[in-house]
Amino acid sequence: MVVGLTGGIGSGKTTVALLFEKLGVPLYNSDQRAKDLYKESQELKALMKLHFGSNIYHNNEINRSELAQIVFSDTSKLELLNSLVHPLLQKDFEDWYLKQNADYVIREAAILIESGADKLCDKIIVVVANEELRIKRVLERDGTTISEIRNRMNNQITDEERLKKSNFVIYNEGKSSLIEQVLEIHQQLILGKN
Ligand code: ATP
């Protein structure tokens, strides 16, 4: 069974995903794997150079800040990027999934729903936190700017839209215990109650 885990920037997806991993659940971190594929996949590298110019790579490393500047200021470029990355990421996920042996796996992705990957998941968990808190966390984590974070948010769907697709919701605003929420969902998934 594939359980998708998503949430807006800074909601705490990775924090929650690592708790599931601690419980022994195999974890596929889509955002990390996409970063790896820019380096490892000759096919993706060739496509990226073709569409974004060979200067998008410096010494075998993708220039992430330049790429972010291009795609987060032009929706059509973001769509192009996603159309290049997602088929390869999907294949990578499937290869990984075939090697797992567990009741369920977690597929973590920031844009799980936007990319359509939610349709390939059996269940969806959405992590939510209010915008102010998310901005504060990302500022502390990345040393970025508020306008860059807002730019990312504007390129993602809203929590309201995410919640429509969810089977489980995790509230990560420091009011209720994350571990308890994760344990409760884990039990339900294992017992097949939901
Ligand atoms: P992104 O979409 O940017 O990858 P994310 O949704 O994966 O973000 P995390 O990286 O898990 O979010 O969390 C953002 C930051 O907030 C991290 O530095 C994390 O340690 C911190 N954080 C998340 N949840 C909590 C919490 N409940 N209490 C304190 N800090 C938290």
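The numbers here are math on the coordinates, done by the rules we state, and not lab data. Remember, it's a predicted structure, so these values are computed and weren't measured experimentally. Quick reminder, even Gly has a Cβ in these numbers, built from the backbone with ideal geometry, and neighbours come from all protein chains shown.
I'd like to know if region 43-59 contains one or more residues that are surrounded by fewer than 18 Cβ atoms within 10 Å (Cβ to Cβ), among the acidic types (Asp, Glu) and assigned to a helix (DSSP H, G or I). Checked against the condition, which is being surrounded by fewer than 18 Cβ atoms within 10 Å (Cβ to Cβ), among the acidic types (Asp, Glu) and assigned to a helix (DSSP H, G or I), region 43-59 yields at least one hit. Selection within region 147-175: residues that are near the ligand (Cβ under 10 Å from one of its atoms) and of a type in the set (S, T, N, Q). The member of this set that is surrounded by the fewest Cβ atoms within 10 Å (Cβ to Cβ) is Gln156. When Ile106, Ile111, Ile124, Ile135 are screened for being within 12 Å of the ligand (Cβ to nearest atom) and in contact with a strand residue (DSSP E or B) (Cβ under 8 Å, 6 or more places away or on another chain), only Ile111 passes. At least 1 residues being touching a Leu at 6+ places or on another chain (Cβ under 9 Å) is the threshold, and among the helices (runs of 4 or more DSSP H) wholly inside region 60-158 those reaching it are 64-71, 75-98, 146-154. Tell me whether region 50-57 contains one or more residues that are within 25 Å of Arg150 (Cβ to Cβ) and in contact with a strand residue (DSSP E or B) (Cβ under 8 Å, 6 or more places away or on another chain). Looking through region 50-57, at least one residue is within 25 Å of Arg150 (Cβ to Cβ) and in contact with a strand residue (DSSP E or B) (Cβ under 8 Å, 6 or more places away or on another chain). Scanning region 25-59 for residues that are more than 15 Å from the chain's Cα centre (by Cα) and polar (S, T, N, Q) yields Ser41, Gln42, Ser54, Asn55, Asn59. One residue stands out among those in region 28-42 that are in contact (Cβ under 8 Å) with a residue 60 or more places away in the chain and touching a strand residue (DSSP E or B) at 6+ places or on another chain (Cβ under 9 Å): the one that is surrounded by the most Cβ atoms within 10 Å (Cβ to Cβ), which is Ser30.
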